[in-house]
Ligand SMILES: [Zn+2]
């Protein structure tokens, strides 16, 4: 293994976040019943005319931009001809010679740049069903809901040097696409799919080895496992003096091996030609500027802001960046605030308290009853000393459950802070009387003994006194008594 270098390029397909399909107005809703979202266009009926989804084009342009690609000012759709039972037109509308974007790169957090060969737009196929539940059918069903859903294909250059780096690239690409609003990138729902090209060569060699395409990897873990397996397989063959065949192999998750599926096809097999039904796209400066002006803050920018401006730790920033929902919730909580202790406190509630509970209950942020404004108030109460940490921790689960402002709940549960100073003084006196021994210690010079007394007062008030006020009152009482 040591003498070999692994060379990987990835082809990533993501489903664009549009309401309607690429060339018709059918819905892209994932949860619809089979064949609920279909029309003559996306089922390939004769005589229909596709029309281009403007939003999909905008998203493809944004993806190209954030991947530092050059933009083809004139971009065209092409027909990719092949036969497959779930492809009703017997061709797929894709892009060939004039993709939307080309020749860019993605900079990883490590600083390494992975080249991007092209970013192009295409449409998805339908879906064949061979099972109902767990029952294998002796026929196949076709669901055309997915047919015509806009996809973006992002092809990297062969710049990736290990299966681990492939996962790093995918993870970061996914985050960027999510932040820019281009796709949900949900692998489980198939809105992010990844194929890989992998070859090996002896270290120091300039020529690329024969590449094998690996398909059917359904999670980042399977990408890592499949590529590790495939690299080992190729090295073993070459060391035995055998040849690598250019082919497509499928990852068999259960067996932990890749299996030959078919000899690799070449571009000319598809007989690409410009789609005569679709106009060519021409982007002028003004249009591009307008589209690019809507690009939101990207993960690396947000990370930098969290560390430099909000004074969060690198760890906190990284956890937020990798969880956009959490980060967006945090953004809502800190909106309009400019106090660093507020940022710190809000971050702590979300990362230390909220995320754990969400994971445990398998809930997402939009299923939460707790709203950012509720947490905002809690943070304010805590920082201003109106509630103690202890009260905060007690009221937080109730806030989660009821989705209410803490001030309202504190009142309802009789947990509000005691505002009446006479009342606190009365309790303090009482505590002094009951703890004569501690009082004597204090008077003998053991000043830290006051901590115990404060603790006793907090216990008596069930944490409803302001510890700072209690401290002050106790000190006064102790100093003034003989
Ligand atoms: Zn349709």
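The values are calculated or read from the model by the stated rules, or taken from the named source; none is laboratory data. All of these numbers come straight from a predicted model, not from anything done at the bench. Backbone-built Cβ (ideal geometry, glycine too); neighbour counts: all protein chains shown.
Out of 17, 70, which single residue is at negative phi and touching a residue at least 60 places away in the same chain (Cβ under 8 Å)?
17
Taking the options 74, 62, name whichever one is under 28 Å from residue 167 (Cα atoms) and either more than 15 Å from the ligand (Cβ to nearest atom) or not assigned by TED's automatic domain parsing to the domain that holds residue 192 (or both).
After applying the criteria, what remains is 62.
Quick one: residue 370 ticks every box in (1) over 15 Å from residue 323 (Cβ atoms); (2) assigned to a helix (DSSP H, G or I); (3) touching a helix residue (DSSP H, G or I) at 6+ places or on another chain (Cβ under 7 Å) bar one, so which box is it?
(2)
Within the group 413, 432, which residue is surrounded by fewer than 17 Cβ atoms within 10 Å (Cβ to Cβ) and farther than 22 Å from residue 341 by Cβ?
Numbers: 432 fails: surrounded by fewer than 17 Cβ atoms within 10 Å (Cβ to Cβ).
The conditions single out 413.
When you check residue 69 against the structure, is it crowded, with 20+ Cβ neighbours inside 10 Å and either within 31 Å of the chain's Cα centre (by Cα) or in the same structural domain as residue 24 (by TED's automatic domain parsing) (or both), yes or no?
So residue 69 passes the test.
Quick one: residue 212 ticks every box in (1) in contact (Cβ under 8 Å) with a residue 60 or more places away in the chain; (2) more than 28 Å from residue 26 (Cβ to Cβ) except a single one, so which number is it?
(1)
Output the residue which, of all residues in segment 136-181 that are assigned to a strand (DSSP E or B) and closer than 12 Å to residue 10 by Cα, is nearest to the ligand (Cβ to nearest atom).
In this case the residue turns out to be 153.
Do we have residue 163 as in the same structural domain as residue 59 (by TED's automatic domain parsing), under 30 Å from residue 325 (Cβ atoms) and touching a strand residue (DSSP E or B) at 6+ places or on another chain (Cβ under 9 Å) here?
yes
When you check residue 221 against the structure, is it more than 16 Å from the ligand (Cβ to nearest atom), more than 30 Å from residue 26 (Cα to Cα), outside any helix (DSSP H, G or I) and out of contact with any strand residue (DSSP E or B) (no Cβ under 8 Å at 6 or more places or on another chain), yes or no?
On the way: more than 16 Å from the ligand (Cβ to nearest atom): yes; more than 30 Å from residue 26 (Cα to Cα): yes; outside any helix (DSSP H, G or I): no; out of contact with any strand residue (DSSP E or B) (no Cβ under 8 Å at 6 or more places or on another chain): yes.
It is false that residue 221 is more than 16 Å from the ligand (Cβ to nearest atom), more than 30 Å from residue 26 (Cα to Cα), outside any helix (DSSP H, G or I) and out of contact with any strand residue (DSSP E or B) (no Cβ under 8 Å at 6 or more places or on another chain).
Across segment 166-188, what is the number of residues that are at negative phi and in contact with a strand residue (DSSP E or B) (Cβ under 8 Å, 6 or more places away or on another chain)? If you could, list the steps in order and put the result at the bottom.
Initially, segment 166-188 is screened for residues at negative phi, giving 166-180, 182-184, 186-188.
Pick out the ones that are also in contact with a strand residue (DSSP E or B) (Cβ under 8 Å, 6 or more places away or on another chain) and you get 166, 169-170, 172-174, 176-177, 182-184, 186-187.
Matching residues across segment 166-188 total 13.
When you look at residue 93, is it within 16 Å of the ligand (Cβ to nearest atom) and crowded, with 18+ Cβ neighbours inside 10 Å, yes or no?
So residue 93 fits the description; yes.
Tell me the residue from 404, 345, 394 that is crowded, with 16+ Cβ neighbours inside 10 Å and in a loop (DSSP other than H, G, I, E, B), please.
Values: 345 fails: in a loop (DSSP other than H, G, I, E, B); 394 fails: in a loop (DSSP other than H, G, I, E, B).
Only one candidate passes the filter, namely 404.
Residue-by-condition table, conditions (1) under 27 Å from the mean Cα position of the chain (by Cα); (2) within 15 Å of the ligand (Cβ to nearest atom):
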| site | (1), (2) |
| --- | --- |
| 12 | yes, no |
| 15 | yes, no |
| 19 | yes, yes |
| 31 | yes, no |
| 39 | no, yes |
| 43 | no, yes |
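Of the residues 175, 151, only one is buried (at least 21 other Cβ atoms within 10 Å of the Cβ) and touching a residue at least 24 places away in the same chain (Cβ under 8 Å); which?
Within the list 175, 151, the selection yields 151.
Could you list, in sequence order, all residues of segment 118-135 that are part of a loop (DSSP other than H, G, I, E, B), over 11 Å from residue 22 (Cα atoms) and within 16 Å of the ligand (Cβ to nearest atom)?
125, 126, listed by residue number.
For the condition closer than 30 Å to residue 356 by Cα, surrounded by fewer than 16 Cβ atoms within 10 Å (Cβ to Cβ) and out of contact with any helix residue (DSSP H, G or I) (no Cβ under 7 Å at 6 or more places or on another chain), what is the one hit in 232, 305?
Exactly one of 232, 305 is closer than 30 Å to residue 356 by Cα, surrounded by fewer than 16 Cβ atoms within 10 Å (Cβ to Cβ) and out of contact with any helix residue (DSSP H, G or I) (no Cβ under 7 Å at 6 or more places or on another chain), namely 305.
Assess whether residue 51 counts as being within 16 Å of the ligand (Cβ to nearest atom) and crowded, with 19+ Cβ neighbours inside 10 Å.
no
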